[in-house]
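A quick write-up on the structure given underneath.
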Amino acid sequence: RDMVGQKELLGAHSSPILGIDGQPVLCQPRDWNGLILERKEIPVRAECGPQFSGVPVVIASRYSPGRRWYRCNGKTQEIPMIAPGIDTLGAAYERDAGRWECEPGGETLCLRLHPDIIRRYLQDEAYRFDLETKYSVRDDPLVNAVFALAEEMQHYLPNGVLYAEGLSMMIIGWLSSHHAN
């Protein structure tokens, strides 16, 4: 696990979804240098301590009935879980603790927006880019694009790198227009 002091990297408490070979079902193809996605299980019951994002993060879910509570700066907030929905978290996002009570079978896609990827797509505007922290937002175009990119990557880009690059560009453009600070 990635650790900084006592804080864990956001999502470290959640397991990747594995295939029958024991490897994560979603792996970046060898020649891919675009957006990084992780497909993770939503825990049925879980708790975690302090976590941080480190980079802007998008968490997209299509099925995730349940409840969750996040404590940030000493204040606990119950956050509804809508599906399909997204959470957007800024690069400086931190929480003191989190707790989940969910139905089995939920999964999420975690998209981490590293600075080199943001620079690649936004060029001169990249230095100003960060996401506004929002929970359980209904944004069907973004959810659909993130899941389409995940399917492409999971199946080793059957529609080609250009298609995956186009999805990546659409995702960054949409985030910049609809969810950036």
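The values are calculated or read from the model by the stated rules, or taken from the named source; none is laboratory data. None of these values were measured; they are calculated from a predicted model. Every residue, glycine as well, gets a Cβ built from its backbone with ideal geometry; the counts of neighbours run over all protein chains shown. To get the accessible areas, we keep the full protein, side chains included, count just its heavy atoms, and leave off ligands, DNA and RNA. Shrake-Rupley method; radii C 1.70, N 1.55, O 1.52, S 1.80 Å.
Charging the Cβ of each Asp and Glu at -1 and of each Lys and Arg at +1, and nothing else, the dipole of the chain about its Cα centre rounds to 420 debye. For region 125-156, the list of trypsin sites (Lys or Arg not before Pro) that fall in a loop by DSSP and count at most 16 other C-beta atoms within 10 angstrom reads ARG138. Listed by number, the DSSP H helices of the chain that run 27 Å or longer by alpha-carbon position along their axis and have mean Kyte hydropathy of at least 0.5 come to an empty list. A 1.4 Å probe run over the protein chains yields, for region 24-181, 49 Å² of accessible area per residue, whole-number rounding. Computed from label points 7 Å out along Cα-Cβ, the spacing between TYR127 and ALA97 is 4.1 nm.
The 1.4 Å probe gives accessible areas that order MET169, MET153, largest first, as MET169, MET153. Net charge in the neighbourhood of ILE171 (other residues with Cβ under 14 Å of its Cβ; Lys, Arg +1, Asp, Glu -1) is -3.
Take GLU125: with every protein chain present and a 1.4 Å probe, its accessible area is about 90 Å². Annotation: ASP116 carries an accessible surface of approximately 90 Å², with a 1.4 Å probe and no ligand, DNA or RNA atoms counted.
Across the options ASN181, ILE86, GLN154, the greatest Cα extent toward the positive end of the charge dipole of region 72-181 (unit charges at beta carbon of Lys, Arg, Asp, Glu) belongs to ASN181. When the solvent-accessible area of the chain is split by element, carbon and sulfur atoms take up 50 percent of it, the probe being 1.4 Å. The candidate values were [x] 21.1, 59; [y] 16.2, 54; [z] 15.8, 47; the one computed from these coordinates for Rg and Dmax of the Cα atoms in Å carries the label [z].
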